[in-house]
Structure formats: structure tokens, C-alpha cells
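Undergrad: One structure coming up, written as C-alpha cells, with questions to follow.
The values are calculated or read from the model by the stated rules, or taken from the named source; none is laboratory data. In this text, all values refer to a predicted model and were calculated from it rather than measured experimentally. Cβ placement follows ideal geometry from the backbone for every residue including glycine, while neighbour counts extend to all protein chains displayed.
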Amino acid sequence: MVEDEDNEWGQLNLTNWKGLSATDPIKSVEDKWLLLPAFLKVKGLVKQHIDSFNYFVDVDIKNIVKANNKVTSDVDPRFWLKYTDINVGFPDRNEESSVDKKVTPNECRLRDTTYSAPIIVTIQYTRGKNIVQRNVNIGRLPIMLRSCKCVLTGRSEEQLARMIECPLDPGGYFVVKGTEKVILVQEQLSKNRIIVETDSAKGVVQASCTSSTHGGLKSKTYVATKKGKIYLRHNSIHEDIPIVIALKALGIQSDKEILLLTAGNTDAYKTAFSANLEDAAKLGVFTRHQALEYIGSRVKVNRRVMGPRRPAWEEALEALATIVLAHVPVKGLDFRSKAIFVATMTRRVLMAIDDEHMVDDRDYVGNKRLELAGQLLALLFEDLFKTYNSNLKNAIDKVLKKPSRTSEFDAFNTMRMQGDHLTSGFVRAISTGNWSLKRFKMERAGVTHVLSRLSFISALGMMTRISSQFEKTRKVSGPRALQPSQWGVLCPSDTPEGEACGLVKNLALMTHITTDVEEEPIIRLAFMLGVEDISLTTGTEIYGPHTFVVNVNGTIIGLTRYPTRFVAQFRKLRRARRFSEFVSIYINHHHRAVHIASDGGRICRPAIIVENGRSRVTSEHIQQLKKGTMTFDDFLKKGLVEYLDVNEENDTYIALYENDIVLTTTHLEIEPFTLLGAVAGLIPYPHHNQSPRNTYQCAMGKQAIGAIAYNQLNRIDTLLYLSVYPQQPMVKTKTIELVGYDKLPAGQNATVAVMSYSGFDRLADAPLDENGQISKKYDIIQLDGLAGVGERVDPGDVYVNKQTPSNAADNTFTGQAASVPYKNTPLTYKSPVSGNIDKVMISDTENDQTIVKVLIRQTRRPELGDKFSSRHGQKGVCGLIVNQEDMPFNDQGINPGN
Amino acid sequence: MQTQEDLEPTVRIRELKKDRVNFVLGNVDLAFANSLRRVVMADIPTVAIDMVEIEVNTTVLPDEFIAHRLGMVPLNSSNCEEAIKYTRDCTCLAGCSYCSLMLVLNVACHDDNTMDVTSDHLDLVPFPTDPEQQNPEPGEELTQRGELFGQPVGKHEPGVPPVLICKIRKGQELKMKCTAKKGIAKEHAKWSPCSAVSFEYDPHNKLRHTTHWYEKSIKEEWPLSDNALEEEPPREDEAFDFNAKPNKFYFEVETDGSLDPQEVVMRAPVKQTAPAAPAATSGGVSIMGAASKTASKRPCEEAGSTSSDDSLAKRLEPALRRVK
């Protein structure tokens, strides 16, 4: 016995077992970070913009046309015109005379034209007694670079070089009238979700919900407390409606049922709610009809079509069906689901009254949605298309009004005469950045920005930027603060200083923004997995002890008694790719609800799935990835990796490193550094820096002078900063290699000596020699009136000898072109430092106007007052330039500065 | 007891190679040794390309870029002191054979491979004479020039890789006339004959001219240089002698090839004849037409920057001569 015991101890003390010691690391998934380049290969750095645009062009534009597909005439009831299809073509040259229709983005940049593609609709319409089908071009849509409609997509580096395009350029922007325009990502509060808030000063608790449906109608509905009672508030109703009256109007007549649906069996809620029931009784509202009459007399009626005045209850019925909480479907006047939605809002208010912690956080990233170029363009298109159709209808009516005409009326001709309403609408909106869509009550300025080409990184940084819709003046710190839920999806470091601090954010490296996914199949699937339909239940079941409510995109669809099992099965089907990988599901235990989301604009990111304490991704998979036999999509298909949105993250237990995995772990982080964005990722050893230094560096890294793009010498921009000897950084991060900063670097690897020196940093204004008026000199002008390439231009030199007709203002016709007087309007060189003509370009714009571009080059060397910085937010102004022999040196004769 | 001043300065050469010299200077004071270092770096005249007249440039690099690179090419400048005048001291108007050298670069690529344009393509040509202008003072300069004077360093030497100027592809051409002039590194570093000058004294830090920062052990974290073998290590109990002065200076002068290391060091103690230097132009090289506009002159009598002390120079000369 004693011997045995000894033996056991000996066994335990053995240092080796099957050649492994107890301290040996567990075999880990080596190089799992390689999933990141694989992810970027599929998605690219600005995938969110491109995906959103592709969704608009392929799916959304068709839905919009389907919703507005008929044009009829008030004059001739037999006439109709129907859009059966819409397609966006590939960018081409919009000129009749051109032989080669192919166009490249670079040509558009140089010629100040718009990189756009025709929008072709297929129409069916009546011509006389026949029905005719034809294709018509209704306008041109600016095309996002590298989107599915762009000529650059899927091209090799060599083909791109032939098109004078940089393979490292991320795309995701538009070229409109020669300027590169970005539609920034906009951050908003999510639509169709209930948000509960309290105002402790006023003692108000309110649940609000912004409804948004396809068709663009937006309205906000509140269920709020007022003097201890609960009311329903909506813009289209003059007065706040007592909640019981609202619920009665929605078809729940019995007080018992109202109480069950709102307060359930919880005594505290019952007490808080009872006053509302009394209130309705006092107002004499007992039946549905009475309730509808009550609401109907308070509904704002704005009816343009003159007709017989409808009774109040009818007005109320329509308002409740179509305007209040418009996103909740009402089929055939079945208000059940809408009533339950209102009841749920009321219950949430009751919960917040009872426990002040039961409120929602507006700043929580899961409650946010990001609006991208595609969505904004979709709204713009819908507005323009509707106007186009009403213009078309008016034009058709005008023709049909005439009693007789020479030839049979053909709507095709009318359509062709419609001009370029869509084209100019798109171009105007994108180039000014003003999205003013009266139809959708939208008035936004500054939506688009000129892509900053200060450096490669500044352009890239702009593509990942998110601007918030909150006003900057508000003295609330909440929206500006760093949210824990930003982890992995929004960069914690990259935000500007000053007024926009915390309001302008940047996406992290692996962030993906979802696009809409159809919800009907998802709902059907939920029912198949055992969810009970909500319209068959009442308060007793809904708030029963074991039931969980199932929501799809914020709307209650049913109940389940086995939420964990339901969610597990749902996830299993998603991992098997039975439906879109971007549909998320999670359990909210506070509200005892299961939420399924398939709407667009959610922020999500991929993570490795962990099962039974082991990563699903193994070294073998990574080997295959390295060999190229597996792509990122295969990882998704095999259920090794899945996308998690911010809400679903709350249902997970994600291990940061593989050795952190425990039995309850559900996911493994692909790579910790992906929590930073593309700009913060350039900082070496950011975890050794004080956190504000990383933030400073994010703002400053964009100012570094270096290489801009491979096509930098073929560009003619207003300002182009290039470095003669850029160097790729010696200390690299993985992000640097992933974004291509080593191929388009900015800055140099400097030797630095840190020492004190008596003296001051000085910044003095450069005294400018102003010898009165500088006379214009024409000596570098050649026969064509332009300065020769390579010529030196001094201040005051003329480099384009332009002449303009002096009578451009008056419109009298003289008949003789030759006698038109011209005056000199030369372009003179204004800079105080001389430069050289680098390039001269002559071309013409879309409307055949001659365009001349002259690129003037200045070569500069570092001088006193120039700004220098390290990569850690340490900037400084050059105060002294020291001769070589005065420099500090070491025993090997090495000097700093080189 | 003899004081330091009484001793003759000594120079002991430890290594002399084609491009470097390593020597120990003794019996001089710190200021003198340092001024030798500074002079070696910044006051020895050499010739370097200073003006480029570009005829054809169809390469990817802009004119300024190439001109700057040409300026950096080291040119053979042996006996520069006598073999060429400063342009500003010359009686000519815009350069003559006494104060300027002419190099031409004429390369075009005709084959499919990328071609390297290097310093080997720079050809020294006789300076074109201006028939309208007669030089009233024909100097001795031309006779003082060596065979390779003005040639890019290493041009005809096998095994010496040339300096890359630019890479060109098929159809590109580079044609330019370069004027090289005499100058000193005070004006622009391209005229420096040295690439690195190492200088050390008191390797054991006995004099406490510096404070070595360390974490745990000063000995481990500050390894001694090879020069420490030349001096006696301090004894543990040795008291600090605050009157001690450095006496031995370890030099290594590495040149870029424009001058022999020997010539660089030998020239240094001789009073330099560089009174003035014009302000440097952008990149140190003027492109044709730019040179005439930068005429401002600035005196260069900064304290300690030139070895104007004749007596010290005289004191060092015998030592150097002995070495020779």
C-alpha cells in the first residue's frame, strides 16, 4: 500500500509523459492571424462601402422600382406604362462621337468628368392597342470605384497599371466632375427598436420607437409617463392619448386583457398601471368604437384629395394602421401584433418605473445602425425616380390631352425627352454633399467629402471614418465617451481632438457592416423551429414564467419556451449556411426575449467558433489556407468562423488567446490587434504608449509626406505632396503589411540623438520680398500659349496665356465670330518660390469645353519651422539645422539625422 | 617634470588603407584635436557637381531629383588646393577650365531590360572655352592636376561598384552637362571628403567628461571600446584627478574616395584658404539658370570652426611629416 502510494507520487512527479511535460504549451493554432489577410482578400479594406453600393445597385434599386413601377394617365385611362426591370450598366464615355466607349476612373479625374454608368429600365406600355416592351436609358449613376459595376474590379495588377490605376487604392469613393468624393458612414440610432429612457429631472419615463419602412416613411412613436399616467404620443395626433384608449382602439377591449398584456401578473406593475384603466373609464371610453372616436377627433388630417369627410373613427383607424408604428404589419385590419407592440412598449415603461436600471443605453453600439453610401443613394434615387415619374406623367398627360395627333402616341419618345433629371440629381447631391429630399423629410448637408490625398494613409483613413448625427454643441459626454461595446468593431484610438472628439469614429480592421436580408424566410424558419405565433397568445402566456418572446427586427413574432435550445438550433442552421451569415440571434435575459436581427447597418465582425473547449479552426485548416486550398468563405461555410454583431457578442464568451479557452468559451478572437483601425494599426508597440499618444498619432500619421499611390506621377491634383526618398519603416506591424503601407510609405527611418541644447525653438514669419507690383512675364510661353514642360516659373510668370471674349456678359448676336473682341486673362504664377512646369495636359470635358491643366512642381528641403514627428504622437518644430561637423557623434563617427 | 605643452605632438598611425586612416594623436589639447576633426569633416576642399544643364530627361525622375543625386557623386579631387580655383576667386565670368570641370552624361536605353545609369556614365570632357572671353591670368592649375582629377571615384577601377544615379527603361534618355566646382562642406555636405570621422578620448571616462547612465552595472552596460587597450584602466581606489586633461585622441577618418585619407588629414592643419561660402541652393545643385541668382555671401569666421591657429598647425606639422 505504502509502495503503491509512493509509486503514484512518483508518477505525478514524472517530468515527461509521452514526451510532453506538464509545462509544455498546448498545441495551438499557429498563425491563425492569417485569417485576417484572407478576410481582407475577400472583403478589401473598404468592404463596407463597396458591399453597400453593390447591394443598392443589384437589389435595392430593383425594389424601389418595383414599388413605383406604374405610370398612368389621368387623361386616358387606357394608357399605362410599367417598369418591369432596371439595370445599371458599366461605366462608359457619355459622348456620341467617341469610338472607344471604355472609360477609366483616371480619365475622369484628369478630364473633370463623372465616372458614371447608364441606368437602363425595361418598360412595357400601351401604344394604341398594342403592348410594347422596350429598354430605355433614364439617366446615369455615378459608380463607386471597385464596386461590382466598376471596370477596376477583379483586375490584375498589370491590367490596373495599364489603366493608370493604383492596385493599393482601396476604392469605395466616386469620381464626380473630376474630384474624388467619399460618402462618409453615418451613425444613427437603430430603427424599429424600442428604446426606454428616463429623465430623472422631470421624472419622465418614456419608450420610443422610430419606425422606418420601405418607402422611406419615418415617424417616431412614444409611450411616456405624464403625471403618473402613461400616454401614447405621436406627431400625427394633436394630444397625448391615454394608453388604455390607444390599446382599446387597437382592438383590445377588455380591461383584463389590457392589464395582462401590459402588467402581466407582476403586482408592482399592476399597481402602477391601474390608474390608467381608471383614466379611460373616467373619459367614458369603454369600447373600441369609443376609443377610435376619441382618437379620431384628435388626428391631424391632411388630405389633399377632396372627398366626402370621413367619420372620426375611420380617420383614427387609418392613422393607427398606416402612420403610428408603421413598421408593424397590419394585414386586413388585424391590429393584434401592433396592439402587442404598444403593450410591450407600455410594459417596458412600467419596468423602468419599477426599476430604474431597466433602461436602454443610447450609446451602446448594439443600438446603433450605420448608414452607408448605398442607403443614401437609394433614398436619393427613390426621390429622383418619383419626381421623374411624376414629370413623365405630366408630359404624357400633356400629349394625351390633345384631341388629335399626327402619329400614334409613343411614350418612348416622351421618355427620351425627359432630360437628365436623374443624372444631374446624382451629380449635384454627391458634388455638393447636400441630401435634401423633401419627400422623406431629409435635409442633410456635408454628407460627402473630398477624398484627402495628402498621403496614402489619409485617403485610407477617410474611407473608414464614421460621422455621428449628434450635434456637436451638445454638452453631453455620453456619445463622446469610449463605449465598452466598441471592442473589436470601432477603433478605440482613432478619433479627432477638439470639437468632434468621440463623435467621429473609425472602423476597426475586421469590421463588417451588414446589408438588409429578407426577413420573411427567417420568420418562417423561426416558426418551424417551434416558435408559437404571437397572435394566438395573450398576456398570461407572454409573461408566463418560462416563456421568452421572439422578436425579428424589433417586431414580436411569437413565443418560445425553450429559448436556449431554439437559439442553439438557429445558430446551427446559420453555421450550416442555410441562410445569410449576417443574421444574428441573441437572448436578452432582462427582457426575457430572443432577438433575431436581419436588418442592414449592424456592425459585426468575425470570430473563431470554439466548441467543447477547443477551437474549431485547427492548424490543418491554416495549412490549407496557406496553400491556398481554402479561402475565408470556406471557413464560414464549414462553420469554423462566424460573424457576430454587437448584440450577439453579449451571448458569447470570447477568449482573447487560445490558452485562455475554458469549457464555457464559445469563441476565440482571430487576432487581438484587429480591434484597432487601419490608421492606429500603423503604430508600432501601441500598447507601450500612453493612450492619448495613440490618438494623437492617428491624427498626425495622415500628414506624413511620402508616396500617395502608384499612379501619383500621372495625377494632376490641386495639391500633391510627394517625398523624394520615402522609406518603408524598419519596425513594422502586421497591419502595415496588410494595408500596404510598406509599399506606399511616408517618412524616413531616422537616427535620433536626444540631448539638451541651449537655445529656443523658434518660429518666425518668413519675410517676403514685395517689390510692389510684379510685372507679368511671358517668356516661358510657347507657340500654343502654354508654358513649356521643364521651364522654370518665377513669381509673376504667365503659364497659360488665356484669352476670353470681352463681351461674354452681353448676349447680343453680332453674327461674326471673327470680330469678337478678346481680352487677356492670363494665368500667372503666384507662389513666392519659383517652380518648374512638370506637366501640361490639354483635353476637353463632357460638354466639349477645352480644359488645360498645368502641373507646377516645387522641390523643397526641410527648413526651420517644418514639422517633424515620430510614430508616437511626438511632434515638434524644427528649430535649428546643424552642420555635419557640429552634430553630436559617437566613437564610430555615426551622426544622427541620416 | 615636463608639462604637456613642452612635449611635441605625436601622431601614431595604427592603420592606413585606401579609404581610411586610423591614428592616435597625442600631446595636443582637446580643443585642437576637436578642431582637427571638424576641419577634416567640413573644411577640406573637394570638387563636386554644382550645376547641371539638362538637355533631355525622359526618365521617371524629375530634373531636381537627378541633379541632387549627381551632386552627391564623389569626384576625384586629389591636390584640390592647387589644381583648381574657387569660381568666386577666378577672374572668369561664368566658369573656365581653371575653376570648373565639365562632365557629360548621355545615356539612352534601347533594350528591353531596365538599365542602370551610374557614375561610370559620367565622362569628363575638356571645359569648353569661350572664344569671346580671354583669361587674363592663365594659372598653374592645369599642370597640378593628376590623371584622374575630376573623374567619378572608382570609374576605371575594377571591383569598385559605381554610384547608381537613376534606372531607365526602353525609350528613356538622360542627357546633361554637369559643371563641377571646388567647394567645402561648410557650404554643402557633398563637398565633404569624409563619410565618417570617429573620434574618441579617455575611453575609461577617467576624466568624467560624461556620465554613463546605467541600470544595474556600469561595466556590463557600457562595454569598453578597443581604444581602452591603449590606456591604463583606472584603479578601484584611484582618486579623481580634477586637474587631468585628455592627452590621447583616437581618430578614424573614412573618406568617400575623393581624396586619400592621408591627404585629408595632412591638409587639415594647413591654414585653409576658404574665406567665404555662398548660401547653399536647394539640393546643393543649381540647375542651369539658378546659379546666378544665389550670390549672397556670408563670412565664415565662426569661432573654432577653422584651424586658424598657425602655431598649433606648425606644431603638428613635424609630427605628420615624420609619419609621411
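Undergrad: From A:Ile842, A:Ile881, which residue is more than 10 Å from every other protein chain (Cβ to nearest Cβ), more than 24 Å from A:Val731 (Cβ to Cβ) and modelled with pLDDT of 85 or more?
TA: The match here is A:Ile842.
Undergrad: Still on this structure, please answer the following. Being in a strand (DSSP E or B) and closer than 15 Å to A:Ile837 by Cα is the filter here, so list the residues in segment A:778-805 that pass it.
TA: Passing the criteria: A:Ile781, A:Leu786, A:Ala787, A:Arg792, A:Val793, A:Asp797, A:Val798, A:Tyr799, A:Val800.
Undergrad: Name the residue that is nearest to the other protein chains (Cβ to nearest Cβ), counting only residues in segment A:864-878 that are part of a loop (DSSP other than H, G, I, E, B) and in contact with a Lys or Arg (Cβ under 7 Å, 6 or more places away or on another chain).
TA: Result: A:His872.
Undergrad: I've got another one for you. Quick check: anything in segment A:360-374 hydroxyl-bearing (Ser, Thr, Tyr) and free of Cβ contacts under 8 Å to residues at least 24 places away in the same chain?
TA: No: zero hits.
Undergrad: Here is a follow-up. Filter segment A:620-634 down to the residues that are touching a helix residue (DSSP H, G or I) at 6+ places or on another chain (Cβ under 9 Å) and assigned to a helix (DSSP H, G or I) and list them by number.
TA: Scanning segment A:620-634 gives A:His621, A:Ile622, A:Gln624, A:Leu625, A:Lys626, A:Phe632, A:Asp633, A:Asp634.
Undergrad: Still on this structure: With respect to B:Val73, determine if the residue is closer than 17 Å to B:Gln151 by Cα, touching a Lys or Arg at 6+ places or on another chain (Cβ under 8 Å) and not small (Gly, Ala, Ser).
TA: Against the criterion (closer than 17 Å to B:Gln151 by Cα, touching a Lys or Arg at 6+ places or on another chain (Cβ under 8 Å) and not small (Gly, Ala, Ser)), B:Val73 does not qualify.
Residue-by-condition table, conditions (1) modelled with pLDDT under 90; (2) of a type in the set (Asp, Glu); (3) touching a helix residue (DSSP H, G or I) at 6+ places or on another chain (Cβ under 6 Å):
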| position | (1), (2), (3) |
| --- | --- |
| A:Cys150 | no, no, no |
| A:Ala161 | no, no, no |
| A:Val182 | no, no, yes |
| A:Lys202 | yes, no, no |
| A:Thr210 | yes, no, no |
| A:Lys220 | yes, no, no |
| A:Thr225 | yes, no, no |
| A:Ile245 | yes, no, yes |
| A:Leu250 | yes, no, yes |
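Undergrad: Identify all residues within segment A:884-894 that are in a loop (DSSP other than H, G, I, E, B) and either within 11 Å of another protein chain (Cβ to nearest Cβ) or within 23 Å of A:Val679 (Cβ to Cβ) (or both); write none if there are none.
TA: Residues satisfying the conditions are A:Met887, A:Phe889, A:Asn890, A:Asp891, A:Gln892, A:Gly893, A:Ile894.
Undergrad: Any idea which of (1) surrounded by 19 or more Cβ atoms within 10 Å (Cβ to Cβ); (2) touching a Lys or Arg at 6+ places or on another chain (Cβ under 7 Å); (3) at pLDDT 90 or above is the one A:Ser493 doesn't satisfy?
TA: (2)
Undergrad: With the condition kept exactly as written, say whether any residue in segment A:853-860 is assigned to a loop (DSSP other than H, G, I, E, B), more than 14 Å from chain B (Cβ to nearest Cβ), of a type in the set (S, T, N, Q) and more than 30 Å from A:His688 (Cα to Cα).
TA: The answer is no; no qualifying residue exists.
Undergrad: Going by what's in this entry, would A:Glu620 be described as assigned by TED's automatic domain parsing to the domain that holds A:Ile523, surrounded by fewer than 15 Cβ atoms within 10 Å (Cβ to Cβ) and over 28 Å from the mean Cα position of the chain (by Cα)?
TA: yes
Undergrad: For A:Ile243, all conditions in the list (1) under 21 Å from A:Tyr543 (Cβ atoms); (2) more than 41 Å from the chain's Cα centre (by Cα) hold save one; what is the number of the exception?
TA: (2)
Undergrad: Still on this model: Would it be correct to say that A:Val59 is more than 30 Å from A:Ser619 (Cα to Cα) and in a helix (DSSP H, G or I)?
TA: Taking the combined requirement at face value, the residue satisfies it.
Undergrad: Does B:Asp29 qualify as being among the acidic types (Asp, Glu) and under 30 Å from B:Met115 (Cβ atoms)?
TA: no
Undergrad: Would you kindly identify the strands (runs of 3 or more DSSP E) lying entirely within segment B:34-126 that contain at least 3 residues that are away from every other protein chain (no Cβ under 13 Å) and of a type in the set (Val, Ile, Thr)?
TA: Where strands (runs of 3 or more DSSP E) fall fully within segment B:34-126 and carry at least 3 residues being away from every other protein chain (no Cβ under 13 Å) and of a type in the set (Val, Ile, Thr), they are B:46-57.
Undergrad: Among A:Val132, A:Val121, which is the only one that is in the same structural domain as A:Ser73 (by TED's automatic domain parsing), surrounded by 15 or more Cβ atoms within 10 Å (Cβ to Cβ) and of a type in the set (A, V, I, L, M, F, W, C)?
TA: Within the list A:Val132, A:Val121, the selection yields A:Val121.
Undergrad: Further, regarding this structure: What tally of residues in segment B:201-226 results from selecting those that are crowded, with 20+ Cβ neighbours inside 10 Å and within 10 Å of chain A (Cβ to nearest Cβ)?
TA: 1
Undergrad: Here's a check for you: in segment B:232-259, which residue that is within 14 Å of another protein chain (Cβ to nearest Cβ) and acidic (Asp, Glu) is nearest to B:Ala48 (Cα to Cα)?
TA: Checking each candidate, the answer is B:Asp256.
Undergrad: Out of all the residues in segment A:32-65, which are of a type in the set (Val, Ile, Thr) and either under 15 Å from A:Ala508 (Cβ atoms) or modelled with pLDDT of 80 or more (or both)?
TA: A:Val46, A:Ile50, A:Val57, A:Val59, A:Ile61, A:Ile64, A:Val65
Undergrad: Strands (runs of 3 or more DSSP E) wholly in segment A:170-221 with at least 1 residues that are without any contact (Cβ under 8 Å) to a residue 40 or more places away in the chain and either more than 23 Å from A:Leu507 (Cβ to Cβ) or in contact with a strand residue (DSSP E or B) (Cβ under 8 Å, 6 or more places away or on another chain) (or both) - which ones?
TA: Here the list reads A:195-199, A:204-212.
Undergrad: Right, next: Answer with yes or no whether A:Lys338 is under 39 Å from the mean Cα position of the chain (by Cα), assigned by TED's automatic domain parsing to the domain that holds A:Thr210, closer than 25 Å to A:Gly228 by Cα and not in a loop (DSSP other than H, G, I, E, B).
TA: Criteria met by A:Lys338.
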